[in-house]
Amino acid sequence: MSYVKGLKCRECGREYHVDPIYVCEFCFGPLEVVYDYDGIKKALTREVISSRPQNLWRYKELLPIEGEPSTALDTGYTPLVKADNLARHLGIKSLYIKDDTVAHPTLSFKDRVVAVALAKAKEFGFDTVACASTGNLAHSVSAHGARAGFKRFIFIPASLEKSKIIASLAYEPNLIAVDGNYDEVNRLCSEVANKYRWAFVNINIRPFYAEGSKSQGYEIIEQLGWKAPDAVVVPCASGSLMTKIWKSFKEMKDVGLIEKMETRVFSAQATGCSPIVSAIKSGIDVIRPVKPDTIAKSLAIGNPADGYYATQVIKESRGYGEDVSDEEIVEAIKLMAKTEGVFAETAGGVTLASAIKLIKSGRIAKDDVTVLCVTGNGLKTQEALIGKTAEPHYIKPKLSAFEEVLEKINTVKS
Amino acid sequence: MPVKVLIPVPLQRLTKGQETVDGSAGTVITLIKDLDQKYSGLAERICEGDKVRRFVNIYVNEEDIRFMSNEETSVKDGDVVSIVPAIAGGC
């Protein structure tokens with residue numbers, strides 16, 4: 001049974017039936033799924049959740065699907081890594097990495113939103129799924145869509161990293177590489193979506209799709225032993241993930257799964273594309289769009305759809321935001337890899353580098369239980385590190401050659 | 001040649017299903033007000049008073065009006081104006 005009551009405009013409050021629609025016909029405000037929280041409160045307990053398989057459907061009452069997901073695509077329940085080495089390095093007590101670099105099957109948190117979107121697309125009876133993507137979403141729709149038997153149209157900016165393009169092509173979708181940036185791809189897609197009756201996961205399926213992000217928040221709380229963290233740092237492109245993580249924390253409290261929730265939420269962006277953090281830092285809630293220029297391409301959205309709501313989350317939770325340079329992003333990727341063995345994509349570098357600044361400025365206190373949301377795998381954006389890593393030691397296949405190098409290494413270390 | 005205006009699906013009920021309509025030259029805001037004469041209700045969906053709503057993006061010849069003069073951006077005959085609801089993506 002489903003606990004979804006319908007859709008509601010976040011701006012003017014008008015209500016709609018559950019349909020593949022995404023904006024209010026009256027004010028263009030985004031539509032949001034409304035649930036019967038009283039019903040969920042009675043049905044969903046810690047015991048019920050704990051007894052279920054370790055994937056995102058263990059929180060299905062809080063996700064916008066009818067009954068069991070028909071696409072049977074499991075994902076989620078990624079590790080919450082206790083990052084003691086990194087914590088020591090940063091001089092704080094309790095740090096965790098929510099490690100979606102190992103999300104199944106395409107190594108980013110997009111597997112969560114796509115699992116929900118495609119389950120919903122099946123329910124609505126679509127035979128074609130589509131998306132506009134900066135890379136990770138393209139992989140996820142390509143993969144999940146292949147397994148669920150959908151026709152797939154994937155629109156990406158042609159300038160994306162080669163490795164990301166190949167990782168989509170492996171699943172043989174129809175990949176449309178557009179000569180333009182992500183905002184332009186998006187604009188094209190909304191015109192395509194007007195004309196063709198497809199399930200565009202981030203357009204007409206968006207209200208359902210975006211809810212999938214909440215599973216990351218539920219897992220953080222469950223994996224912390226049914227406790228909300230003191231601080232959570234979330235990378236922001238459109239701002240959607242951050243608003244959904246905040247929503248998930250509030251829901252956990254509202255349905256009685258936790259008693260207390262005083263988390264402060266922090267937004268992380270690259271300086272080359274920081275419309276949300278700029279608004280936070282200047283204390284306004286008007287988002288001025290920018291033309292992105294950063295190596296963190298998965299965050300390069302100059303015109304963030306949920307930017308306004310993101311600023312509200314910061315206000316409501318008494319959080320803040322930070323932005324970081326491309327050099328800081330690269331250093332942070334390397335730091336996370338060498339301290340915790342987690343190789344994050346550029347967005348993960350943005351998150352850690354921003355957290356470092358927030359810790360230094362005292363916005364995140366030394367004894368705060370802090371969670372970093374690391375949303376994608378570094379293997380996808382290796383280009384960002386070319387020429388910026390240590391070099392291999394090239395040798396001839398001889399023991400003496402190896403020992404020569406070994407001596408050098410030991411000399412440097414000592 | 002008039003200004004060509006691309007109408008998004010949520011507004012096509014007002015334009016009797018037409019995906020594109022003709023508008024007259026001037027500024028973005030005069031264009032919208034003018035279209036409202038023909039397609040009643042259009043202006044109040046897109047604007048609050050003389051300001052374009054937060055969740056509406058307007059492009060003149062593929063450039064976001066927020067990078068130009070917002071509502072006062074000029075439109076001339078032959079220009080293409082797209083009205084696009086905001087879309088989520090990335091994180």
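Computed quantities for the displayed model
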| item | result |
| --- | --- |
| The range B:62-91 - residue that is at pLDDT 90 or above and acidic (Asp, Glu) and, of those, farthest from the chain's Cα centre (by Cα) | B:Asp77 |
| Search result, residues across the range B:41-61 that are part of a loop (DSSP other than H, G, I, E, B), farther than 14 Å from B:Ile7 by Cβ and over 12 Å from the mean Cα position of the chain (by Cα) | B:Gly49, B:Asp50, B:Arg54, B:Phe55 |
| Selection count, the range B:66-82, where residues are closer than 17 Å to B:Ala25 by Cβ and either within 10 Å of another protein chain (Cβ to nearest Cβ) or assigned to a loop (DSSP other than H, G, I, E, B) (or both) | 8 |
| Hits in the range A:389-398 (condition: open to solvent by less than 100 Å² (accessible area, probe 1.4 Å) and not β-branched (Val, Ile, Thr)) | A:Ala390, A:Pro392 |
| Filter result for the condition that a residue is open to solvent by 60 Å² or more (accessible area, probe 1.4 Å) and either touching a residue at least 40 places away in the same chain (Cβ under 8 Å) or among the acidic types (Asp, Glu) (or both), over B:Asp36, B:Asp22 | B:Asp22 |
| Output for the range A:340-362, where each listed residue is in a helix (DSSP H, G or I) and open to solvent by 10 Å² or more (accessible area, probe 1.4 Å) | A:Glu340, A:Ile356, A:Lys357, A:Ile359, A:Lys360 |
| Considering residues of the range A:169-210 that are in contact with a Ser or Thr (Cβ under 6 Å, 6 or more places away or on another chain) and either farther than 21 Å from A:His144 by Cα or more than 7 Å from chain B (Cβ to nearest Cβ) (or both) only, the residue surrounded by the fewest Cβ atoms within 10 Å (Cβ to Cβ) | A:Leu175 |
| Enumeration of residues in the range A:124-135 that are farther than 18 Å from A:Pro292 by Cα and either at pLDDT below 95 or open to solvent by less than 10 Å² (accessible area, probe 1.4 Å) (or both) | A:Thr128, A:Val129, A:Ala130, A:Cys131 |
| Test: A:Ala332 is without any contact (Cβ under 8 Å) to a residue 40 or more places away in the chain and hydrophobic (A, V, I, L, M, F, W, C) | yes |
| Any hit, the range A:80-100, residues being within 19 Å of the chain's Cα centre (by Cα) and within 14 Å of chain B (Cβ to nearest Cβ) | yes |
| Boolean, B:Asp22 is more than 24 Å from A:Pro289 (Cα to Cα), more than 8 Å from chain A (Cβ to nearest Cβ) and at pLDDT 95 or above | yes |
| Hits in the range A:327-339 (condition: under 14 Å from A:Tyr96 (Cα atoms) and open to solvent by less than 10 Å² (accessible area, probe 1.4 Å)) | A:Met336 |
| Leading residue by the ranking (farthest from A:Arg10 (Cα to Cα)) among those in the range A:290-303 that are in contact (Cβ under 8 Å) with a residue 24 or more places away in the chain and open to solvent by 10 Å² or more (accessible area, probe 1.4 Å) | A:Ile295 |
| Verdict on B:Val52 being within 13 Å of chain A (Cβ to nearest Cβ), among the β-branched types (Val, Ile, Thr) and under 30 Å from A:Phe109 (Cβ atoms) | no |
| Subset of the range A:341-351 [away from chain B (no Cβ under 14 Å) and out of contact with any strand residue (DSSP E or B) (no Cβ under 6 Å at 6 or more places or on another chain)] | A:Gly341, A:Phe343 |
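The values are calculated or read from the model by the stated rules, or taken from the named source; none is laboratory data. None of these values were measured; they are calculated from a predicted model. With ideal geometry, Cβ positions are generated from the backbone for all residues, glycine too; neighbour counts draw on all protein chains shown. Just so you know, the surface numbers come from the protein's heavy atoms only, side chains and all, with ligands and any DNA or RNA stripped out. Shrake-Rupley method; radii C 1.70, N 1.55, O 1.52, S 1.80 Å.
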